[in-house]
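Okay, structure first, notes after.
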Amino acid sequence: MCFVFVGFMYSHVAQAQTATINPSNFQITLDASAPLQPSYTASITALGFTSELRAKRFFDAIRSNTFVFTVNFAAGTVTIDPLEAHLATALTVAEWNTILTTKQENFFRKYNTMPR
């Protein structure tokens, strides 16, 4: 039983994936080194948010039917959840990154117009 628990914990930790947010153009990229995961964590420390409220308001503003963003301001991170339930077919990480690329201009516009 102990080995099963340790195996479960190891697989859970192994599933944690990172994403990056380019602060110069707000391009979000999911780590494509593994299959799609339920969530990705990205640093927001270089984005210049001055308060938790401002960070949450920004990420709430870019939320969509394809992505949910959850800010952990104290940790300086945002969790990015691709929402597969709204799609007719499963997508690869590369396809999710393509979706993020199509949203990048809108993300960047909001990032430049909302208070940070």
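The values are calculated or read from the model by the stated rules, or taken from the named source; none is laboratory data. As the structure is a computational prediction, the values presented were derived from the model and not from experiment. No Cβ is skipped: glycine too gets one built from the backbone with ideal geometry, and neighbour counts run over all protein chains shown.
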If you take the residues of the stretch 46-62 that are surrounded by 14 or more Cβ atoms within 10 Å (Cβ to Cβ) and of a type outside the set (A, V, I, L, M, F, W, C), which of them is nearest to the chain's Cα centre (by Cα)? Lys56
Among the residues of the stretch 54-101, the number that are touching a Pro at 6+ places or on another chain (Cβ under 9 Å), under 16 Å from Ile21 (Cα atoms) and not in a helix (DSSP H, G or I) is 4
Say we look at the stretch 65-82 and pick out the residues that are under 15 Å from the mean Cα position of the chain (by Cα) and loosely packed, with under 13 Cβ neighbours inside 10 Å; which of these is nearest to Arg116 (Cα to Cα)? Ala75
Among Glu84, Glu105, Glu52, the single one that is touching a residue at least 40 places away in the same chain (Cβ under 8 Å) and either under 24 Å from Ala34 (Cα atoms) or charged (D, E, K, R) (or both) is Glu84
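Look through the stretch 47-71, keep the residues that are among the hydroxyl-bearing types (Ser, Thr, Tyr) and in contact with a strand residue (DSSP E or B) (Cβ under 9 Å, 6 or more places away or on another chain), and return whichever of them is nearest to Trp96 (Cα to Cα). Can you show your working first?
So in the stretch 47-71, the residues among the hydroxyl-bearing types (Ser, Thr, Tyr) come out as 50-51, 64, 66, 70.
Keeping just the survivors that are in contact with a strand residue (DSSP E or B) (Cβ under 9 Å, 6 or more places away or on another chain) gives 66, 70.
Details: Thr66: 9, Thr70: 18 Å.
Filtering the stretch 47-71 for residues that are among the hydroxyl-bearing types (Ser, Thr, Tyr) and in contact with a strand residue (DSSP E or B) (Cβ under 9 Å, 6 or more places away or on another chain), the one nearest to Trp96 (Cα to Cα) comes out as Thr66.
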Could you check, for the stretch 37-45, whether at least one of its residues is closer than 16 Å to Gln17 by Cβ, at pLDDT below 95, touching a Leu at 6+ places or on another chain (Cβ under 7 Å) and surrounded by 15 or more Cβ atoms within 10 Å (Cβ to Cβ)? no
May I ask you to verify whether Glu84 is modelled with pLDDT under 90 and among the acidic types (Asp, Glu)? yes
